[in-house]
Amino acid sequence: KAGVTQTPRYLIKTRGQQVTLSCSPISGHRSVSWYQQTPGQGLQFLFEYFSETQRNKGNFPGRFSGRQFSNSRSEMNVSTLELGDSALYLCASSPGITGEVEAFFGQGTRLTVV
Amino acid sequence: GQNIDQPTEMTATEGAIVQINCTYQTSGFNGLFWYQQHAGEAPTFLSYNVLDGLEEKGRFSSFLSRSKGYSYLLLKELQMKDSASYLCAVRDSNSGTYKYIFGTGTRLKVLA
């Protein structure tokens with residue numbers, strides 16, 4: 001079974017630009033969660049999508065948004081990029097049903113804002 | 001508020017046992033997770049505890065005490081490949097929605 005696929009793996013953007021990251025979950029998984037990982041802050045939860053609806057949300061500003069498509073693929077968008085948005089962005093997929101808590105992470109997209 | 005504390009670094013010897021502690025404060029506890037993350041790689045799921053007690057999975061065990069806001073991950077028969085960061089995370093529920101709060105991780109070095 002194929003794992004979680006994130007594209008692109010690396011990205012360099014300029015302050016003020018916007019960026020879209022993509023995540024394809026494991027086949028059959030309906031939940032996709034997004035995380036930001038930085039050396040100083042560790043792993044921080046952005047949001048979770050399940051069946052095309054945002055089900056849970058962390059404490060990030062509105063510049064961070066996402067969506068999920070009917071095939072469970074998810075995209076995350078960051079608008080008006082700031083230098084502090086430089087981080088590894090990870091997505092995790094899981095079945096999303098009660099009792100099935102194991103999440104599988106993708107390799108991440110490393111975003112550098114210059 | 002919500003907070004998770006775990007040691008920044010630990011060192012142990014191959015073949016030994018190591019215990020990584022995690023304390024948390026959260027208003028709506030709904031489960032505790034442990035993940036392993038090797039440098040430059042994605043985190044991988046190790047364990048999940050929602051009730052008090054010990055969950056054993058091979059060389060790894062995880063313990064939870066909800067009344068104390070405390071968990072530990074126990075690694076037995078340490079191997080060099082266990083050198084990694086170990087992340088403690090809590091699922092916090094509020095008004096029917098969840099947030100996942102991660103600690104900053106414990107970097108474990110296993111020495112020969």
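Some observations on this one:
- Residues in segment A:9-46 that are on the phi > 0 side of the Ramachandran plot and either at pLDDT 95 or above or within 12 Å of another protein chain (Cβ to nearest Cβ) (or both): A:G16, A:G42.
- Segment A:80-100 - residue that is buried (at least 16 other Cβ atoms within 10 Å of the Cβ) and of a type outside the set (G, A, S) and, of those, modelled with the lowest pLDDT: A:P95
- Filtered residues of segment B:36-64 (kept if of a type in the set (S, T, N, Q) and away from chain A (no Cβ under 12 Å)): B:S61, B:S62
- For the residues A:G66, A:G28, the requirement of being more than 23 Å from B:I4 (Cα to Cα) and crowded, with 21+ Cβ neighbours inside 10 Å singles out A:G66.
- Close pairs from segment B:9-35: first more than 14 Å from every other protein chain (Cβ to nearest Cβ) and under 17 Å from B:R107 (Cβ atoms), partner of a type in the set (D, E) and assigned to a strand (DSSP E or B), Cβ under 9 Å, at least 6 apart: B:N21/B:D5
- Strands (runs of 3 or more DSSP E) wholly inside segment B:6-47 that include at least 3 residues being surrounded by 17 or more Cβ atoms within 10 Å (Cβ to Cβ): B:18-25, B:29-37
- Looking only at segment B:94-110, and only at residues there that are surrounded by fewer than 20 Cβ atoms within 10 Å (Cβ to Cβ) and under 16 Å from the mean Cα position of the chain (by Cα), the one that is farthest from the other protein chains (Cβ to nearest Cβ): B:K109
- In segment A:1-49, the residues that are over 29 Å from B:R107 (Cβ atoms) and free of Cβ contacts under 8 Å to residues at least 40 places away in the same chain: A:K1, A:A2, A:S27, A:Y49
- Filter result for B:R91 (facing chain A (nearest Cβ under 10 Å), among the charged types (D, E, K, R) and either within 28 Å of A:E48 (Cα to Cα) or surrounded by fewer than 19 Cβ atoms within 10 Å (Cβ to Cβ) (or both)): yes
- Filtered residues of segment B:81-98 (kept if in contact (Cβ under 8 Å) with a residue 12 or more places away in the chain and more than 17 Å from B:A12 (Cβ to Cβ)): B:L87, B:C88, B:A89, B:V90, B:R91, B:D92, B:S93, B:N94, B:Y98
The values are calculated or read from the model by the stated rules, or taken from the named source; none is laboratory data. All figures in this text were calculated on a predicted structure; none of them were measured in a lab. Methodologically, a virtual Cβ is constructed for each residue, glycine included, from the backbone with ideal geometry; neighbour enumeration extends over all protein chains shown.
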